[in-house]
Amino acid sequence: MTDSHIEKLFSAFKQTTTLTFPQRKGASDENNPFEAYYYREDAEKVKLDKWPHYLEIYEEVFAKFRNKEKVRILEIGVHHGGSLHMLKHSFPDAYIVGVDIKPECKACEVPEDDIYVEIGDQGAVSFLEDVVSKHGQFDIVIDDGSHIASHQKISFLYLFLNGLSDSGVYLVEDVFVNYMKAFNDTNPNFMEMAYDLARELQSPYKGEFVPARFRVDNEDKYQSLDVSIAYKNIHSISFFDNIVTISKKVRDGLPCMEYR
């Protein structure tokens, strides 16, 4: 197949289609506790502002923590505290920390339920250092904060290495702001950085890559390779509708292949 044939197929893949505005769902998936809280109508619910399709993504990427004892969660962006309560509903034994730049958000703290709020700027590494020093590392980090691209980058670059536990998940939502002039204050922006990190996951196989030298039974196999800190620490990157997740798993050695 020629390049022109491939381009024709790809062009068809990108052709325009039409989606209509959905009817309000109004009912939750009983197997999704995030939706169960979001669609509640009782007086005790603390309201929150979310794109409903996020809740399916939350369940997909966070379900693995369901049986973990005392999951630890950091959410950047508190607003009225509704999301903190949704997280508590979904993980009843969780230790949850919210951070926000607005002092009035401190009122959302509920220490008796292990919900804490720290006031500060997510774009200041010194503040992030203080949060990690006080509360330790987290299994889940959710960035729903200022939505400023440089803040998304700073928070991720510090917290992923220093504030996220091994096997943890870092989620950035509302990434559409990277395409809006009012929020896109850095080059490359967060999305461009995420694409670059996705390419970095393939970095050992670039250049003069010799597949046979990754074989366990090859006497001439690689004994060591220089890799980036990003490659050593990132397990996967997933791109969803308006959300990016980066999963952490510290590699203890080179990848290898074996015929068994």
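All of the numbers you see were taken from the coordinates with simple rules; none came from a lab. Quick caveat, the model's predicted, so the values are computed rather than measured. Please note: Cβ atoms are built from the backbone with ideal geometry, for glycine as well, and neighbour counts cover all protein chains shown.
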Q | Most fluctuating residue given options Val78, Val210, Val125, as computed from a GNM of the chain linking Cα atoms under 10 Å | A | Val210
Q: Towards the positive end of the charge dipole of region 24-248, with charges on Cβ (+1 Lys, Arg; -1 Asp, Glu), say which of Leu171, Gly120, Met191 has the farthest Cα.
A: Met191
Q.
I need the calculated FRET efficiency for the pair Val227 and Gln137, taking r as the beta carbon distance and R₀ as 25 Å, to the nearest 0.05.
A. 0.65
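Of the cross-linked pairs Lys181/Lys232; Lys14/Lys249; Lys68/Lys248; Lys47/Lys106, which ones have a Cα-Cα span greater than 22 Å in the structure shown?
Lys181/Lys232; Lys14/Lys249
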Q) When the chain is treated as a GNM, springs tying every alpha-carbon pair under 10 Å, which of Ser146, Ser228, Ser236 comes out with the largest mean-square fluctuation? A) Ser228
Q: Multiply the residue gap between Asp3 and Asp42 by 0.36 nm, knock off their C-alpha separation, and tell me the result in nm, one decimal place.
A: 8.2 nm
**Q.** Sites Ser203 and Arg66, calculated FRET efficiency, Cβ-Cβ separation with R0 35 Å, nearest 0.05
**A.** 0.60
(Q) Using DSSP to call loops (not H, G, I, E or B), can you name the GluC sites (Glu not before Pro) in region 155-260 whose Cβ has at most 12 other Cβ atoms within 10 angstrom? (A) Glu208, Glu219, Glu258
Q) So which trypsin sites (Lys or Arg not before Pro) in region 190-225 end up in coil per DSSP with only 11 or fewer other C-beta atoms within 10 Å? A) Lys206
Q. How much net charge surrounds Lys68 when only other residues with a Cβ under 10 Å from its Cβ are counted (Lys, Arg +1; Asp, Glu -1)?
A. +1
Q: Please list, or write none, the aspartates and glutamates whose alpha carbon is within less than 18 Å of the alpha carbon of Lys134, excluding same-chain residues fewer than 8 places away.
A: Glu75, Asp100, Glu109, Glu112, Asp113, Asp114, Glu118, Asp121
Q. Magnitude of the Cβ-charge dipole of the chain, K/R +1 and D/E -1, about the Cα centre, nearest 20 debye?
A. 540
(Q) Could you tell me the center-to-center distance, by alpha carbons, between region 153-209 and region 50-107 in angstrom? (A) 21
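What do you get for Rg/Rh over region 137-259 if you use C-alpha atoms and the Kirkwood form of Rh?
1.06
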Q: Could you work out how far apart the two model spin labels at Ser165 and Trp51 are, taking each label as a point 7 Å from the Cα in the direction of the beta carbon, and quote it in nm?
A: 2.9
Q) According to the Kirkwood expression over distinct Cα-Cα pairs, how big is the hydrodynamic radius of the chain, in Å? A) 20.6
